[in-house]
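> This is the structure, below, for whatever I ask next.
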Number of protein chains: 4
Amino acid sequence: MTLQRAEFSKLLQQVRARSVELCQPLEHDDYLIQSAPFVSPPKWHLAHTTWFFETLLLVPFFEGYRIYNPAFHYLFNSYYESLGERLARPHRGSVSRPVLNEVFRYRTHVDEALAALLQSELGSEARMVAEVGLHHEQQHQELLLMDIKHILFQNPERPRFLPDIGKEISVDLPLSFESFEAGVREIGFSGKGFCYDNELPRHRAFLEPFAIANRPVTNAEFLAFIEDGGYRQPALWLADGWDAVRRNGWEAPLYWQNGNRGWELYSLHGMQTLPLSEAVAHVSGYEADAFARWSGARLPTEAEWEAAVRSRPEKVLNVGHVWEWTSSAYAPYPGYQPLSGSLGEYNGKFMCNQWVLRGGCGATPANHARPTYRNYFEPEMRWHFGGIRLAKDVK
Amino acid sequence: MTLQRAEFSKLLQQVRARSVELCQPLEHDDYLIQSAPFVSPPKWHLAHTTWFFETLLLVPFFEGYRIYNPAFHYLFNSYYESLGERLARPHRGSVSRPVLNEVFRYRTHVDEALAALLQSELGSEARMVAEVGLHHEQQHQELLLMDIKHILFQNPERPRFLPDIGKEISVDLPLSFESFEAGVREIGFSGKGFCYDNELPRHRAFLEPFAIANRPVTNAEFLAFIEDGGYRQPALWLADGWDAVRRNGWEAPLYWQNGNRGWELYSLHGMQTLPLSEAVAHVSGYEADAFARWSGARLPTEAEWEAAVRSRPEKVLNVGHVWEWTSSAYAPYPGYQPLSGSLGEYNGKFMCNQWVLRGGCGATPANHARPTYRNYFEPEMRWHFGGIRLAKDVK
Amino acid sequence: MTLQRAEFSKLLQQVRARSVELCQPLEHDDYLIQSAPFVSPPKWHLAHTTWFFETLLLVPFFEGYRIYNPAFHYLFNSYYESLGERLARPHRGSVSRPVLNEVFRYRTHVDEALAALLQSELGSEARMVAEVGLHHEQQHQELLLMDIKHILFQNPERPRFLPDIGKEISVDLPLSFESFEAGVREIGFSGKGFCYDNELPRHRAFLEPFAIANRPVTNAEFLAFIEDGGYRQPALWLADGWDAVRRNGWEAPLYWQNGNRGWELYSLHGMQTLPLSEAVAHVSGYEADAFARWSGARLPTEAEWEAAVRSRPEKVLNVGHVWEWTSSAYAPYPGYQPLSGSLGEYNGKFMCNQWVLRGGCGATPANHARPTYRNYFEPEMRWHFGGIRLAKDVK
Amino acid sequence: MTLQRAEFSKLLQQVRARSVELCQPLEHDDYLIQSAPFVSPPKWHLAHTTWFFETLLLVPFFEGYRIYNPAFHYLFNSYYESLGERLARPHRGSVSRPVLNEVFRYRTHVDEALAALLQSELGSEARMVAEVGLHHEQQHQELLLMDIKHILFQNPERPRFLPDIGKEISVDLPLSFESFEAGVREIGFSGKGFCYDNELPRHRAFLEPFAIANRPVTNAEFLAFIEDGGYRQPALWLADGWDAVRRNGWEAPLYWQNGNRGWELYSLHGMQTLPLSEAVAHVSGYEADAFARWSGARLPTEAEWEAAVRSRPEKVLNVGHVWEWTSSAYAPYPGYQPLSGSLGEYNGKFMCNQWVLRGGCGATPANHARPTYRNYFEPEMRWHFGGIRLAKDVK
């Protein structure tokens, strides 16, 4: 834990309160919906993040802690094999009990215990778990917004989650490419503050000369790809991507709709005319890759992305609009060591069949948008805020 | 409509109120769950039965009626192709809006309009629709209880829906068979009162001599089948039934559990020790058929069942404990005519790949338990209250 | 066995030779293909029918018989649970050994043993098995032709199996309906000669007055249904039928093709212009049912069909062109008793989820086209020669 | 083309003849089987490699060439979207025509045309295509052996394809690790001779210090993993790997069998007692990864593998026993350019969701076992000859 105990305690309280606050605009009914196997009901998120603290911090480190309800262990374990049997992910929306208010009471019970625990000094392992728990809760805040968007979109009237907003968040400066020389770069987290195990160890990578775009791709640019028949030309696509296009019937990014009023976009602010100057989002890795090929460019590797953003942040702008797909498969860094105990399942076991995204988006807690942060999804996924940054080889 | 208008109006009000009342023990969260593709959330039932009256009665027959929300048409149409596109059944649990309270407001809006409509005389077609609507709502009351049981059972703590009950509803009189001579019998509804189109026309059927059990099969008897290895002997099963046993891993009826405390049964009253003298329920048609074969008997045809119950109701007892699987595939009677208009889709189009059940169960509204009533399910289904009545050939 | 031993022995020899002879036009490669899970490679048919005689007749009744290869028992058991584990049906096309010539040697080995066995008198059970084996082999001769047609049709060049033929086998006499009075009829096999257990016992059925068409539906009539949009109107279809139309993308019967040269039909004689006056074939039960509804008629029940054909064979013509779908689900007759031993699995366990067809087709061995013969398929199947006979209620 | 024309012509003739020769031990029936969706019938391989030369070399570059049969274009195109519609891969085993002898005639026709074409000088593009075609044919020779093994294994008697062999091909020298310093290495093909586009361009990569095993893992070592419960400990597995273990019921590598005679192995020489000192093969990438974790090691990256084998071939032995799974996802090298035209689909579009294997195996044509060669499969695949090489981080 890099903060003082009192500060951390206060921060933890804020983060925990924030999760509940984020859900405030929801109706009771919205909390319970699992709109796809990869979506979790908001009620489940609120319970799972609480279970995480209870199971990994309070039970082992807070003497005399009373487990709120032992039956929750089965219901709210996400994927920790070392912690026993659990409810299969696609059934999270089939469990009505505990009811929503009971989940709020569970949060209060655990929050009080956390506050009590943090009145004394913690040992180093407990401090580590507490800090991971806090960042874990923040990750779920982004997941909550992703899932809420997907859940509300199932309703034919496309309800608004947040008040209307005034204007586009434009990234529409002229597109240019920033060039970088070949050389050995340092990759991975260094310095103070928290990072996940997958950002370590800091290590060296050789980069051949490359260039990277100064900003993400806009909706206008992606619309040109659509209008040029991009979704109908197999030559632009990876084989698995082309298979996904046909299997899913993709003709545009998720949340795009083309009707009487032309192209519209669903966001947490409701339906709106497609904001042309905003960064395109909700594309799969396959669509990002195909768009790049159509543009005569390619996606950056995650090492290129990190090197570029760290060395010239003022020229590689707009980080934070969307998560940017890289061409890198999610893999351990040389010398990677997972955390010990159950937290060892946090990152390492997912290091296959996924692609890394870098950056962050409007739903990302501020302290998660660091340049070394490694987000990852299967390349066919689109419900997270995934966009496109172009890169090029330089001869 | 066989009742006077005022009486019908009052009855309709009672039936509509009963649907809401049935759900009273539910928590808000329970209303929203779709625990399997064949289950509908209670909220959906409450809305769908309301949509039925609105669409088929109020819109065509009540001048000046204001549709509550045109968007509901897509959401709450169950299967009427003639009424346009609709939400696919497996997604009924993915729609959070309208929220529950809005559904209750929808019910009130429609109930008020129904009351107003029924202050004047109705034409004959409107009367027919109104009457079908009332019985339709009653059918959904039984579906509600089936679905609620399935939904609550998903919760690992197996919550109780209704207060505890005192004692078993025993059917355990000594088993005997009642014999019937060969001959032509009249089958199908006759007389006054309501019936569905599938109970008509009354027609003749020749029955070879047969015998039928005086009561349904008990849990004790079915337990003997289990203990004799009934689920492990392919010779007892239809080919599709044996395939279902292996595919689903069946080892007992639905809602049976075998653990430290021996065999237990889940009911709307919660978990209880298996009540040995009660009628076995929640078996598939395949299990019913296999049990009968193991018993050296067979299932009755629906004509045998109807003939026996109508001619000697005092000897063929206990109708009303469980729906009783017959060996008859659901098919039109000779001369069958579906209702006109959209109501023509109510029964006729489902007349394939299902088996008829006769009788009724504790969840069945009293006026639906008539001897000519034809319930039907695919033979693999188990979540309705399906039990077993034995029959035999007589030489 | 209704024939004298010597006659039977000679007939058996002919039937066994006929199976091999039927396959003569095949290339070696054609023998090995399983073009769909429900199709078996011709090589498998030739081996399975041989295995049937070996296992059920020679092993139990021919002392000193040497099993050709014990490994074949697993490979060529079709569905007899009582005879042990077996190769799953969809994998019949994945087994290359024994090779084709070895299967022919297997046939010779068994044929020789059968001839030797039949030089002495058989007991009654052996006689029964021998006779079932002969009819079983004949059933597989029809299956062979069904499967060969399906296999060859997978080849884009649509090869011809048999030499070209001269002219259409027209059924195109003017359509009329033959009426029958209400009354009790005798249904099921009687008299001398062989029948299957499912044709017994002869029993009584009451038929309300009905009328039945004098001939099957023609390709011209079915074409009118297509051109009238029959495949696009859900009101014409059973719910499961409409689901099958959309799921399978049906727009015409199997083996119909619509291209530059208009409608063409694939048959064992190759591609030809659609022969308008021939009986339509290769429709599913759902298509037969929808066509009948479109025609203002219905399908006959199997009892109606049998009663009509037996009482006025000269007025209900053309039996033998196609198997005619009835509306009857395949079920046991009152008093039905399956054969003893493994042959008890021959028919009884398939008595669910299938529809009965009556009649026969060009591929049917002559002695199988008797009026009491019950053919059956799932209503979605189309690769057998299933056509349509219309019927009507008479007031 | 790096060889002189005459030499190339002779080599091509040899390679083409080799494909046919490889299949000689097959029975006719074996040629036609598709034992899994990822397997192709040997007949298809022989036709497809011929189609490749016809379509990509003869048609564009040999004036006056007569296409053997235009219908083959649909049947024998593997995955070239730019060349039009094609038979879906899982149906390659459903097509009986052309028959096997016709495929041999097709080969002769094309071989003669190739010989004629190569009597004149080719332009540079034709030379390139010819050379790719030759290596393509060699790749299919390895695929043929993989597929033949899988096909023959479906037969319960596990037939032998090749004559028995005398003794194990042992790799069982004492296990040690060879250490390498950190530094920039050159990766990718250089020098004379043929390579695929995916081996280019040669580029630089930084490697942190690492160590790599002197030999592949043996069957004895893998058996220890099994006996230690490796297949039952989720902590050893990637999440997707653990899912594959449970979904597929894996308990040992493919072709291992444990029965009365202990562990046995199926190979092209038939069933044999598990040869303990041979390199383990037919493990998935997930099993390779789990074994490495259980060993306290990890899989090498492909850059580590290549650097090690090129710099100290005498210490990193036994390359050629099995393909060795690396931890590297298959991705383009910096600056990668696919070939032009349809050959651009040869490699690039498959660069996702697969893992790279390096080395070669007994089935690999000698000139394909170069240190820069990149083989690749989905990590769940096991029917190729994939084994394990361990690596370690060095502090």
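> Go through (1) over 24 Å from residue D:41 (Cβ atoms); (2) surrounded by fewer than 20 Cβ atoms within 10 Å (Cβ to Cβ) for residue D:109 and report which single condition fails.
The number of the failed condition is (1).
> Can you tell me which residues in the range A:260-284 are over 24 Å from residue A:244 (Cβ atoms) and either of a type in the set (Val, Ile, Thr) or without any contact (Cβ under 8 Å) to a residue 24 or more places away in the chain (or both)? Reasoning before the result, please.
As a first pass, look at the range A:260-284 and keep what is over 24 Å from residue A:244 (Cβ atoms): A:260-262, A:268-273, A:275-278.
Answer for the range A:260-284, where residues must be over 24 Å from residue A:244 (Cβ atoms) and either of a type in the set (Val, Ile, Thr) or without any contact (Cβ under 8 Å) to a residue 24 or more places away in the chain (or both): A:260, A:261, A:262, A:272, A:273.
> Same structure, new question: So, in the range A:157-211, exactly how many residues are surrounded by fewer than 18 Cβ atoms within 10 Å (Cβ to Cβ), more than 26 Å from the chain's Cα centre (by Cα), part of a loop (DSSP other than H, G, I, E, B) and not aliphatic (A, V, I, L, M)?
5
> Test of understanding: among C:294, C:305, which residue is crowded, with 24+ Cβ neighbours inside 10 Å and either away from chain B (no Cβ under 12 Å) or without any contact (Cβ under 8 Å) to a residue 12 or more places away in the chain (or both)? Explain how you work it out, then say what you get.
Details: C:294 fails: crowded, with 24+ Cβ neighbours inside 10 Å.
On inspection, the qualifying residue turns out to be C:305.
> Of A:154, A:138, A:119, which residue is under 30 Å from residue A:306 (Cβ atoms) and away from chain D (no Cβ under 14 Å)? Spell out how you get there, then give the answer.
Values: A:154 fails: under 30 Å from residue A:306 (Cβ atoms); A:119 fails: under 30 Å from residue A:306 (Cβ atoms).
After ruling out the rest, the residue left standing is A:138.
> While we're looking at this one, here's another question. If I filter the range D:232-254 for residues that are without any contact (Cβ under 8 Å) to a residue 60 or more places away in the chain, under 29 Å from residue D:316 (Cα atoms), part of a helix (DSSP H, G or I) and within 14 Å of chain A (Cβ to nearest Cβ), do I get at least one hit?
Checked the range D:232-254: at least one residue is without any contact (Cβ under 8 Å) to a residue 60 or more places away in the chain, under 29 Å from residue D:316 (Cα atoms), part of a helix (DSSP H, G or I) and within 14 Å of chain A (Cβ to nearest Cβ).
> Then there is this: Name every residue in the range C:172-196 that is more than 14 Å from chain B (Cβ to nearest Cβ) and in contact with a Pro (Cβ under 6 Å, 6 or more places away or on another chain), in order of residue number.
Matches in the range C:172-196: none.
> Further question on the same structure: Is it fair to say residue C:248 is under 23 Å from the mean Cα position of the chain (by Cα), over 30 Å from residue C:204 (Cβ atoms) and surrounded by fewer than 20 Cβ atoms within 10 Å (Cβ to Cβ)?
Details: under 23 Å from the mean Cα position of the chain (by Cα): yes; over 30 Å from residue C:204 (Cβ atoms): yes; surrounded by fewer than 20 Cβ atoms within 10 Å (Cβ to Cβ): yes.
Yes.
> Restricting to the range A:112-143, what's the tally of residues that are more than 25 Å from the chain's Cα centre (by Cα) and either in a helix (DSSP H, G or I) or crowded, with 17+ Cβ neighbours inside 10 Å (or both)?
Within the range A:112-143, the first condition is being more than 25 Å from the chain's Cα centre (by Cα), and the residues that meet it are A:112-126.
Of the ones still in play, those that are also either in a helix (DSSP H, G or I) or crowded, with 17+ Cβ neighbours inside 10 Å (or both) are A:112-118, A:122, A:124-126.
Counting residues in the range A:112-143 that are more than 25 Å from the chain's Cα centre (by Cα) and either in a helix (DSSP H, G or I) or crowded, with 17+ Cβ neighbours inside 10 Å (or both) gives 11.
> Moving to a separate point now. Identify all residues within the range C:89-104 that are surrounded by 14 or more Cβ atoms within 10 Å (Cβ to Cβ) and in a helix (DSSP H, G or I); write none if there are none. Full working, then the answer.
In the first step, residues of the range C:89-104 are kept if they are surrounded by 14 or more Cβ atoms within 10 Å (Cβ to Cβ); the result is C:89, C:92-100, C:102-104.
Across the range C:89-104, the qualifying residues are C:89, C:92, C:93, C:94, C:100, C:102, C:103, C:104.
> To continue, here is another question. Kindly indicate which of A:88, A:130 is within 30 Å of residue A:385 (Cα to Cα) and without any contact (Cβ under 8 Å) to a residue 24 or more places away in the chain. Write out each step before concluding.
Numbers: A:130 fails: without any contact (Cβ under 8 Å) to a residue 24 or more places away in the chain.
After ruling out the rest, the residue left standing is A:88.
> Consider the range D:271-328. How many of its residues are touching a Ser or Thr at 6+ places or on another chain (Cβ under 7 Å) and in a strand (DSSP E or B)?
Of the residues in that region, 5 qualify.
> With the condition kept exactly as written, say whether any residue in the range A:25-36 is within 30 Å of residue B:97 (Cα to Cα), surrounded by fewer than 20 Cβ atoms within 10 Å (Cβ to Cβ), charged (D, E, K, R) and within 14 Å of chain B (Cβ to nearest Cβ).
Yes, the range A:25-36 has at least one match.
> Got at least one residue in the range A:199-206 being more than 10 Å from every other protein chain (Cβ to nearest Cβ) and touching a residue at least 40 places away in the same chain (Cβ under 8 Å)?
Going through the range A:199-206, the residues more than 10 Å from every other protein chain (Cβ to nearest Cβ) turn out to be A:199-200, A:202.
Next, from what is left, pick out any that are touching a residue at least 40 places away in the same chain (Cβ under 8 Å): A:199-200.
Taking every residue of the range A:199-206 in turn, at least one turns out to be more than 10 Å from every other protein chain (Cβ to nearest Cβ) and touching a residue at least 40 places away in the same chain (Cβ under 8 Å).
> Moving to a separate point now. Please specify each residue of the range B:144-195 satisfying the condition of being closer than 21 Å to residue B:271 by Cα and hydrophobic (A, V, I, L, M, F, W, C).
Residues satisfying the conditions are B:144, B:145, B:146, B:148, B:151, B:152, B:153, B:161, B:162, B:165, B:169, B:171.
> Still on this structure, please answer the following. Considering each of C:15, C:39, C:20 in turn, give the residue that is assigned to a loop (DSSP other than H, G, I, E, B) and of a type in the set (Val, Ile, Thr). If you could, list the steps in order and put the result at the bottom.
Details: C:15 fails: assigned to a loop (DSSP other than H, G, I, E, B); C:20 fails: assigned to a loop (DSSP other than H, G, I, E, B).
Result: C:39 is the single residue among C:15, C:39, C:20 that is assigned to a loop (DSSP other than H, G, I, E, B) and of a type in the set (Val, Ile, Thr).
> On to the next question. Does the range C:45-59 contain at least one residue that is surrounded by fewer than 22 Cβ atoms within 10 Å (Cβ to Cβ) and among the hydroxyl-bearing types (Ser, Thr, Tyr)?
The answer is yes, given that some residue of the range C:45-59 is surrounded by fewer than 22 Cβ atoms within 10 Å (Cβ to Cβ) and among the hydroxyl-bearing types (Ser, Thr, Tyr).
> Working carefully through the options B:63, B:54, find the one that is more than 14 Å from chain A (Cβ to nearest Cβ) and closer than 14 Å to residue B:106 by Cα. Show your work before the answer.
Details: B:63 fails: closer than 14 Å to residue B:106 by Cα.
After applying the criteria, what remains is B:54.
> Quick check on my filter: what residues within the range B:325-381 are hydroxyl-bearing (Ser, Thr, Tyr) and more than 11 Å from chain C (Cβ to nearest Cβ)? Full working, then the answer.
First, pick out the residues of the range B:325-381 that are hydroxyl-bearing (Ser, Thr, Tyr): B:326-328, B:330, B:333, B:336, B:340, B:342, B:346, B:364, B:372-373, B:376.
Residues satisfying the conditions are B:340, B:346, B:364, B:372, B:373, B:376.
> Which one of these does residue B:94 not meet: (1) farther than 24 Å from residue B:9 by Cβ; (2) out of contact with any Ser or Thr (no Cβ under 7 Å at 6 or more places or on another chain); (3) more than 14 Å from chain C (Cβ to nearest Cβ)?
Going through (1) farther than 24 Å from residue B:9 by Cβ; (2) out of contact with any Ser or Thr (no Cβ under 7 Å at 6 or more places or on another chain); (3) more than 14 Å from chain C (Cβ to nearest Cβ) one by one, residue B:94 breaks only (2).
> Just give me the residues in the range D:293-303 being in contact with a Pro (Cβ under 9 Å, 6 or more places away or on another chain) and either basic (Lys, Arg) or farther than 24 Å from residue A:345 by Cβ (or both), in sequence order.
Kept after step one, since they are in contact with a Pro (Cβ under 9 Å, 6 or more places away or on another chain), are these residues of the range D:293-303: D:298, D:301.
Answer for the range D:293-303, where residues must be in contact with a Pro (Cβ under 9 Å, 6 or more places away or on another chain) and either basic (Lys, Arg) or farther than 24 Å from residue A:345 by Cβ (or both): just D:298.
> Given the options C:320, C:335, name the one that is surrounded by fewer than 21 Cβ atoms within 10 Å (Cβ to Cβ), closer than 26 Å to residue B:326 by Cβ and either out of contact with any helix residue (DSSP H, G or I) (no Cβ under 9 Å at 6 or more places or on another chain) or free of Cβ contacts under 8 Å to residues at least 60 places away in the same chain (or both). Working first, answer last.
Working: C:320 fails: closer than 26 Å to residue B:326 by Cβ.
Just a single option satisfies the conditions, and that option is C:335.
> I would also like to ask the following. Quick one: how many residues across the range D:7-21 are hydrophobic (A, V, I, L, M, F, W, C) and either without any contact (Cβ under 8 Å) to a residue 12 or more places away in the chain or buried (at least 20 other Cβ atoms within 10 Å of the Cβ) (or both)? Let's see the steps before the verdict.
Taking the range D:7-21 and keeping what is hydrophobic (A, V, I, L, M, F, W, C), we get D:8, D:11-12, D:15, D:17, D:20.
Remaining after also requiring either without any contact (Cβ under 8 Å) to a residue 12 or more places away in the chain or buried (at least 20 other Cβ atoms within 10 Å of the Cβ) (or both): D:12, D:17.
The qualifying residues number 2.
> In the range C:68-85, is there at least one residue being out of contact with any Cys (no Cβ under 9 Å at 6 or more places or on another chain), away from every other protein chain (no Cβ under 14 Å) and either at pLDDT 95 or above or under 30 Å from residue D:95 (Cβ atoms) (or both)? Walk me through how you get there before you give the answer.
First, the residues of the range C:68-85 that are out of contact with any Cys (no Cβ under 9 Å at 6 or more places or on another chain): C:68-85.
After this cut, where a residue has to be away from every other protein chain (no Cβ under 14 Å) as well, the list is none.
Within the range C:68-85, none of the residues are out of contact with any Cys (no Cβ under 9 Å at 6 or more places or on another chain), away from every other protein chain (no Cβ under 14 Å) and either at pLDDT 95 or above or under 30 Å from residue D:95 (Cβ atoms) (or both).
> If you take the residues of the range A:338-368 that are more than 30 Å from residue A:240 (Cα to Cα) and among the polar types (S, T, N, Q), which of them is surrounded by the fewest Cβ atoms within 10 Å (Cβ to Cβ)? Break it down into steps so the answer makes sense when it comes.
In the first step, residues of the range A:338-368 are kept if they are more than 30 Å from residue A:240 (Cα to Cα); the result is A:338-344, A:365-368.
Still in the list and also among the polar types (S, T, N, Q): A:340, A:342, A:367.
Details: A:340: 9, A:342: 18, A:367: 14.
So the residue we want is A:340.
> Given the structure, is residue C:216 over 28 Å from residue C:349 (Cβ atoms), under 22 Å from the mean Cα position of the chain (by Cα) and assigned to a loop (DSSP other than H, G, I, E, B)? Before the answer, list the steps.
Working: over 28 Å from residue C:349 (Cβ atoms): yes; under 22 Å from the mean Cα position of the chain (by Cα): yes; assigned to a loop (DSSP other than H, G, I, E, B): yes.
Yes: the conditions hold for residue C:216.
The values are calculated or read from the model by the stated rules, or taken from the named source; none is laboratory data. Just so you know, these numbers come straight off a predicted model, no measurement behind them. Positions of Cβ are generated from backbone atoms using ideal geometry, with glycine treated the same way; all protein chains shown enter the neighbour counts.
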